[in-house]
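The values are calculated or read from the model by the stated rules, or taken from the named source; none is laboratory data. Values in this document were obtained by computation on a predicted structure and should not be read as measured data. Cβ sites come from the backbone with ideal geometry, for glycine too, and all protein chains shown count toward neighbours.
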Amino acid sequence: MIYKKARLILSTLLILITLSSVAQKNRPDIHVWAATPPMGWNSWDCFGPTVTEAEVKANADYMAKNLKSYGWNYVVVDIRWYVGNDKAHGYNETDPDYVLDEYGRFMPAVNRFPSAAGGKGFKPLADYLHQRGLKFGIHIMRGVPVIAVKQNLPIKGTSLRAGDIYSEKDQCKWLHDMYTVVPGKPGAQEYYNSLFELYASWGLDFVKVDDLSSPIYFAEEIEMIRKAIDRTGRKIVLSTSPGETPIAHAAHVQKYANMWRTVGDFWDNWKQLKEHFKVFERWNKWRAAGAYPDGDMLPLGRIGIRAERGNPRMTGFTKDEQYTLMTLWSIFKSPLMFGGNLPDNDPFTLSLLTNKNVLQVLNQSVNNQPLFTREDEVAWIADEPGTGAKYLALFNTGEQTAAIRIKLAELGLSKEVMITDLWSGKAMGKFSGEFAPELNKHGAGLYKIVRILK
């Protein structure tokens, strides 16, 4: 009898182990979906909550023509695409004209996105992008719409309603479109499932979910969203927002998201840019393949057209500061989401986005890490895989032009090396012992260092 019970227990354990193994095997590897840092355009810096379909298409057309071959492929419609009468420099919370379907899911405002008419949603726009070899993304707020709760709309595929899954606790402080979805409530997961079923039917490739990670980190809601995405079988990149994501949750966000914010909204001023040096150093160890700490959007080119902050303008960054921004984001391997209106790019802005040497550092470098931070000097290093070559990023954060001196021994280089300036593509010559390029204030240099074999 004892022998039979032991055999039964052993058999049950083997079944459970097998089932667990099958589940692990079938679980999608979400991090393969973003093998390199995502690169694209987002409508927020230009148009705030008011972007139109024509503007999205204009930016997509520019990307397809000028940037796609360099790896830029995501086109993301940011916040409140479901409000027909939103406004620049803030949000219309007085009398918002919400558009939603019978299951309490927001739909594109047809006056702004005409191709969404007839219940088509964003599928026609996604098709337009896919036909050009691009990928489609949207911004959403976590939770269930307040208006869906007030109308107590049904949750698709269930006998439950929006009023069964919500809580007013922890409602977003800066935008009041949504209530919290309570994890574990019957219908909560089903609501998120219904959202991503809809988005997958549109052809969604990227979702930025806001009010999810700061000041409160909603771990269970992140897991519900991840589960809903995976259930669709579609490779939808998950970006969590806003920042700074609490670093105490770094392991969790790295597991469930493809990118997560390390700062709040980033705009075109030196103070905010300079703060990124410490932020990126803090987050550097949490980067992994397919999981990227996100320094936020690139406020470059023509921004502020109908935005939350500032009047229409070319970026307030100097050219040197723009080099610093692109160099730092690349050596840190942050996602690159351009904020300017692409059709208004000048030649300099385009050159920042199409430098193959710099983008190679972003996409292929390994072992990226800070080397030193001195009073007005910062250095980062990385390796080119398989060659023994090293990448070196130097930054002058001070207010005067200065030579940034580095002993090559600090890089483990004791013999003569050849150094190339990656921004210009020009060989700088042979060096041994020390390398000391002169950099303008707030400027940066990015270099490739190759050992000379004798």
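The table below lists the values:
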quantity: Residue match in the range 63-84 (condition: under 16 Å from residue 111 (Cα atoms), surrounded by fewer than 23 Cβ atoms within 10 Å (Cβ to Cβ) and free of Cβ contacts under 8 Å to residues at least 24 places away in the same chain); calculated: no
quantity: Residue tally, condition surrounded by fewer than 21 Cβ atoms within 10 Å (Cβ to Cβ) and in a loop (DSSP other than H, G, I, E, B), over the range 167-192; calculated: 14
quantity: Test set (1) crowded, with 24+ Cβ neighbours inside 10 Å; (2) over 22 Å from residue 311 (Cα atoms) - residue 46 fails condition number; calculated: (2)
quantity: Residue within the range 106-124 that is among the hydroxyl-bearing types (Ser, Thr, Tyr), within 25 Å of residue 194 (Cα to Cα), assigned by TED's automatic domain parsing to the domain that holds residue 151 and not in a helix (DSSP H, G or I) present; calculated: no
quantity: Residue count, the range 289-330 (criterion: at pLDDT below 95, among the small types (Gly, Ala, Ser) and surrounded by fewer than 21 Cβ atoms within 10 Å (Cβ to Cβ)); calculated: 2
quantity: Some residue of the range 205-215 being in contact with a Gly (Cβ under 9 Å, 6 or more places away or on another chain) and aromatic (Phe, Trp, Tyr); calculated: yes
quantity: Residue list for the range 239-260, restricted to those being surrounded by 24 or more Cβ atoms within 10 Å (Cβ to Cβ) and among the hydrophobic types (A, V, I, L, M, F, W, C); calculated: 253, 257, 259, 260
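Okay, residues lined up against (1) part of a helix (DSSP H, G or I); (2) more than 17 Å from the chain's Cα centre (by Cα); (3) not assigned by TED's automatic domain parsing to the domain that holds residue 173:
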residue: 194; (1), (2), (3): yes, yes, no
residue: 208; (1), (2), (3): no, no, no
residue: 212; (1), (2), (3): no, no, no
residue: 228; (1), (2), (3): yes, yes, no
residue: 234; (1), (2), (3): no, yes, no
residue: 250; (1), (2), (3): yes, no, no
residue: 264; (1), (2), (3): no, no, no
residue: 275; (1), (2), (3): yes, yes, no
